[in-house]
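Q: Shown below is the structure under consideration.
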Protein chains: 2
Amino acid sequence: MTSALSTQLDALGQRARQAARLGARASTAAKNQALRAAARILRRDQENLLTANAQDVAHARAHGQEAAFIERLTLTPKSIEAMASGLEQIADLPDPVGAINGLTRRPSGIEVGQMRVPLGVIAIIYESRPNVTADAAGLCLKSGNACLLRGGSEAHHSNQTIARALHEGLESAQLPTDLIQVLPMTDRAAVDILVTLTQWVDVVVPRGGKGLIQRISALARVPVLKHLHGVCHTYIDADVDIPMALRVADNAKTQRYGTCNTMETLLVHQDIASSILPPLAALYQAKGVELRGDEATCSLIPGAIPATEEDWSTEYLAPILSIRVVPDLDAALDHIARYGSQHTDAILTHHWEHAQRFLREVDSSSVMVNASTRFADGFEYGLGAEIGISTDKLHARGPVGLEGLTSQKYIVLGHGETRTG
Amino acid sequence: MTSALSTQLDALGQRARQAARLGARASTAAKNQALRAAARILRRDQENLLTANAQDVAHARAHGQEAAFIERLTLTPKSIEAMASGLEQIADLPDPVGAINGLTRRPSGIEVGQMRVPLGVIAIIYESRPNVTADAAGLCLKSGNACLLRGGSEAHHSNQTIARALHEGLESAQLPTDLIQVLPMTDRAAVDILVTLTQWVDVVVPRGGKGLIQRISALARVPVLKHLHGVCHTYIDADVDIPMALRVADNAKTQRYGTCNTMETLLVHQDIASSILPPLAALYQAKGVELRGDEATCSLIPGAIPATEEDWSTEYLAPILSIRVVPDLDAALDHIARYGSQHTDAILTHHWEHAQRFLREVDSSSVMVNASTRFADGFEYGLGAEIGISTDKLHARGPVGLEGLTSQKYIVLGHGETRTG
């Protein structure tokens, strides 16, 4: 069985590799035409797509999936329109491919620069949301890459219908449909093989829960662009505008509970703890947020429960917040270095040097001064779209847009130069 | 045994991680002072170093190592001066750390940019050349990283003596000596553990033969910055300046045989093969280069022997060249895509569109027009120094200098903004 599956995946990979060469040389106009045509076709085929999706949803219901799962899986006319206009927005973004940077003439006579080029073949592994099929394919196409999309088996009919729209878009622009392949296999073993195909796959982007990402990271033999979890901190410094700190710390925790850039731990300088923690706790408690604190925190907040060592490294993704009172900036930096997940951390302060030190010394993919951690997002950063957020240090950190799906190669423009030294 | 070794390496890794935080915030002045002081100390301690190196060389001789190995291992007053001035050159390079790029204001009011930051802890694994100890440590220090250096056991005394000079340099600048740790363990098992320490090591740079790099790639659980091999091509197009093509193709093969950027396969357009191959073959044969060709080549070059399928993907690192006659540019591109190692490839041509297509479509870390592949090198490209050449697609491609040892994190400068959407 596995051997037949390997052969099948190997064939898909090889086709992706061949298509990638054509994707890399495709004109911007052709790529944009394919994206806009796919958007039109998604709108035109809205009824088909809703029917296919209804099949998936019925199947998921019959298998007793929970409400949140059904919600992620369900498409509506509104979410189909969002997919279509998302593709059009990607068409509107500048094409990163082919840009040449820093071309300079060297003493030998050669001119050396760097050209931005696609990565090649990108495998995206995701769970129940069918809209990822259109979003991810659009970003890969615009950046000149071929993609292998492996969505959740529960969204199979929806994903195949979206794939047909994308293929029709590619055909209308005379681009090979193999640039976007939605894997027909729905078994988990397919993923395990896919992430080892070093010859055909250049990078794997897992989008989903921690379990999926950990499994893929452990099995992968190709590079993985990922964030495992977001244990995001906000540190309120001693010298701070209190109304601003209340507003931002509230937003960072409560604007949405389930996102990776939501604050999970609040650090507060001891000199300001007694003035800021009681009113802040009142804001949180009014919204039903459970507060877990160290001793100093619990003495200032009635109703806070003692935090355990485990709390400091926990991503709650829920209305729970851990709070610690720290003696100074260094203690806050130490806490973040020890317990953080290098995702997003913010300082709220009036103090110039503290802001500068925080920006420079916190080793996270996004570091903020006087802003809500919730801003860590490709759209908020102006990338136009994102394929995910990376907490890896190599290649791309933070929200990954079109540029993160490319790399730079060196180009040398010569006039017959030879090397002597 | 292995468990004791793990504990030891874990402790070294943890110290490197702690030092890395101080390295990241170190001032440019302090880093440069440490580099310049280390250079002075290397010169001052030249006699000690020659004595330590003589021990290593005597040991290697006694164990029957071959002449080339002894040559790589041997230090001379000249090579010690080269190490010292190398450190001074690194001090003269601009500091990449802390540079902020692309800061722009977003509609929400936040300002978003990217700050260049060190990768953290870099493990460098190399073989017999002791000068790598100084070169690699210097690059890691200047780029704000901590490094764990694991040189060949045969250079143990030399490496430890160089390490003492580097530590004295760090001390003179009040920087922690743990920024540069030369591993005391000389057993191979240490390397196998080191490359799995995901908690303490951010990237591994193996420098050495294919065997070393393959073994590390297979074992590593942290990202590896590497090039496996250089099967570099030169394609001579139909429309070309013949004296230029003779000069460049000769240089690409014969200037040095053992380097990764040496041409290993020559592709020649069929329309020019009969005019260029006989004089070119004469140049090569006069230098004792063995020529292996396809049928068309063998019919044009007396003395050429038939190439096998294996030849097309072989990195000879020797006075051997494989030659193939191709019908057109597309066939050349296909050959390179199929057999190349994505290192360095060049086209020699008068033809504008062919040059443009070659630049854009060849998926290698360096792509050249009318220049010798031998130019693929950090010094020739103006990086000032290089830690190696990467044929990986993510993060850094081609020669890797200071910038390749850093990454960019997002920074957000706010004024109390909160997210609403």
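The values are calculated or read from the model by the stated rules, or taken from the named source; none is laboratory data. None of these values were measured; they are calculated from a predicted model. Glycine also receives a Cβ, built like all others from the backbone with ideal geometry; neighbour counts cover every protein chain displayed. Areas reflect the complete protein model, heavy atoms only, side chains present, ligands, DNA and RNA absent. Shrake-Rupley method; radii C 1.70, N 1.55, O 1.52, S 1.80 Å.
Q: Percent relative contact order of chain B, based on C-alpha pairs within less than 8 angstrom and at least six residues apart?
A: Across chain B, relative contact order equals 18 percent.
Q: Something else now. I'd like the Karplus ³J(HN,Hα) series for segment B:404-411: coefficients 6.51, -1.76, 1.60, θ = phi - 60°, whole numbers in Hz, and an x wherever there's a Gly or Pro.
A: Running phi through 6.51 cos²θ - 1.76 cosθ + 1.60 with θ = phi - 60° gives x, 8, 10, 9, 10, 9, 7, 10 Hz.
Q: Under the rule a/c < 1.5 gives rounded, and otherwise a/b versus b/c splits prolate from oblate, where does chain B land using the Cα gyration tensor?
A: Oblate.
Q: Go ahead and run the numbers for FRET between residue A:189 and residue B:54, Cβ-Cβ distance against an R0 of 60 Å, rounding to 0.05. Present the calculation step by step, with values, prior to reporting the outcome.
A: Working: r = 58 Å, r/R0 = 0.97.
Calculated value: 0.55.
Q: Right, here's the next one. Name the residues of segment B:384-418, by number, that are at least 50 Å² less accessible with every protein chain in place than in the isolated chain; the surface is that of heavy atoms, probe 1.4 Å, without ligands or nucleic acids.
A: Buried by the other chains: B:393, B:394, B:395, B:397, B:409, B:410, B:412, B:416, B:418.
Q: Measuring from centroid to centroid over Cα atoms, what is the spacing of segment B:373-390 and segment A:406-420 in Å?
A: Here the answer is 11 Å between Cα centres.
Q: Quick one: which residues, 5+ away or cross-chain, put their amide H under 5 Å from the amide H of residue A:117? H built at 1.01 Å from N.
A: When sequence neighbours closer than 5 places are left aside, the close amide H contacts are A:98, A:407, A:408, A:409.
Q: Can I ask one more? Only Cα pairs within less than 10 Å get springs; with that Gaussian network setup on chain B, which residue of B:26, B:84, B:296 has the largest fluctuation?
A: It is B:296.
Q: What is the sum of charges around residue A:110, taking Lys and Arg as +1, Asp and Glu as -1, for the other residues whose C-beta is under 13 Å from the C-beta of residue A:110?
A: Working: positive: A:105, A:106, A:419, B:374; negative: A:111, A:417, B:377, B:380.
Combined, the nearby Lys, Arg, Asp and Glu give 0.
Q: When a/c is below 1.5 the answer is rounded, else prolate if a/b is larger than b/c, else oblate, so apply that to the protein assembly as shown with a ≥ b ≥ c taken from the square roots of the Cα gyration tensor eigenvalues. Don't skip to the end; give the middle numbers.
A: Numbers: a/c = 2.05, a/b = 1.22, b/c = 1.68.
Oblate.
Q: Another one. Normalising by the residue count of segment A:30-149, find the relative contact order in percent from Cα pairs under 8 Å and 6+ residues apart.
A: 27 percent
Q: Still on this structure: Cross-link partners among lysines for residue B:253, C-alpha distance below 18 Å, same-chain residues fewer than 8 apart left out?
A: B:287
Q: Helix B:210-219 against the longest principal axis of chain B: what's the angle in degrees, Cα atoms only, rounded to the nearest 10?
A: 50 degrees
Q: Another question, if that's okay. Please give the net charge around residue A:349, taking every other residue with its beta carbon less than 11 angstrom from that of residue A:349, where Lys and Arg add +1 and Asp and Glu add -1.
A: Here the charged neighbours net out to -3.
Q: Can you give me the distance in nm between label points at residue A:221 and residue B:334, each placed 7 Å from the Cα along the Cα-to-Cβ direction?
A: 2.8 nm
Q: If you don't mind, there's one more thing I want to ask. So for segment B:351-412, averaging the separation of alpha carbon pairs under 8 Å that are six or more residues apart and normalising by length, what relative contact order in percent results?
A: Normalised by residue count, the contact order of segment B:351-412 is 24 percent.
Q: If you split all Cα-Cα distances of segment B:232-375 into 5 Å bins from zero, what percentages do you get per bin, shortest first?
A: 2, 11, 23, 27, 23, 12, 2, 0
Q: Another one. Mind checking which lysines have their Cα closer than 19 Å to the Cα of residue A:393? Skip sequence neighbours fewer than 8 apart in that chain.
A: Answer for residue A:393, where 19 Å is the Cα cut-off: A:210, A:226, B:142, B:226, B:393, B:409, listed by chain and number.
Q: Please check: in the Gaussian network model of chain B (C-alpha springs, under 10 Å), which one of B:105, B:116, B:164 has the largest mean-square fluctuation.
A: B:105
Q: For residue A:268, what residues show an amide H to amide H distance below 5 Å, using hydrogens built from the backbone and excluding near sequence neighbours?
A: It is A:236, A:324, A:325, A:326, by chain and number.
Q: For residue A:274 and residue A:68, what does the FRET efficiency come to when R0 = 35 Å and r is the distance between their Cβ atoms, rounded to the nearest 0.05?
A: Efficiency computed from Cβ-Cβ geometry: 0.35.
Q: Can you work out ³J(HN,Hα) from phi for every residue in segment A:127-139, in order, using Karplus 6.51 cos²θ - 1.76 cosθ + 1.60 and θ = phi - 60°, giving whole Hz and x for Gly and Pro?
A: Coupling constants for segment A:127-139: 10, 7, 6, x, 5, 4, 4, 6, 4, 5, 4, x, 5 Hz.
Q: Run the quick spin-label model on residue A:99 and residue B:76: label points 7 Å from Cα toward the beta carbon, then report their separation in nm to one decimal.
A: About 4.8 nm, to one decimal.
Q: Per residue, how much accessible area does segment A:283-401 show when a 1.4 Å probe rolls over the protein heavy atoms, in square angstrom?
A: In whole numbers, segment A:283-401 has 36 Å² accessible per residue.
Q: Could I ask something else about it? Non-local amide H neighbours of residue A:350 (under 5 Å, H modeled in plane, Pro and chain starts lacking H): which ones?
A: Counting only residues 5 or more places away or on other chains, the set is A:239, A:240, A:241.
Q: Helix-only estimate, please: 222 nm mean residue ellipticity of chain B, summing -39500 (n - 2.57) across DSSP H runs of length 4 or more and dividing by its residues, to the nearest 500.
A: Value at 222 nm, helices only: -14000 deg cm²/dmol.
Q: Let me ask another. Could you give the angle, 0 to 90 degrees to the nearest 10, between helix A:2-25's Cα long axis and the longest principal axis of the Cα atoms of chain A?
A: With rounding to tens, the tilt is 80 degrees.
Q: For chain B, with a Gaussian network of springs between Cα atoms less than 10 Å apart, report the residue from B:394, B:212, B:333 with the top mean-square fluctuation.
A: Highest fluctuation of the listed residues: B:394.
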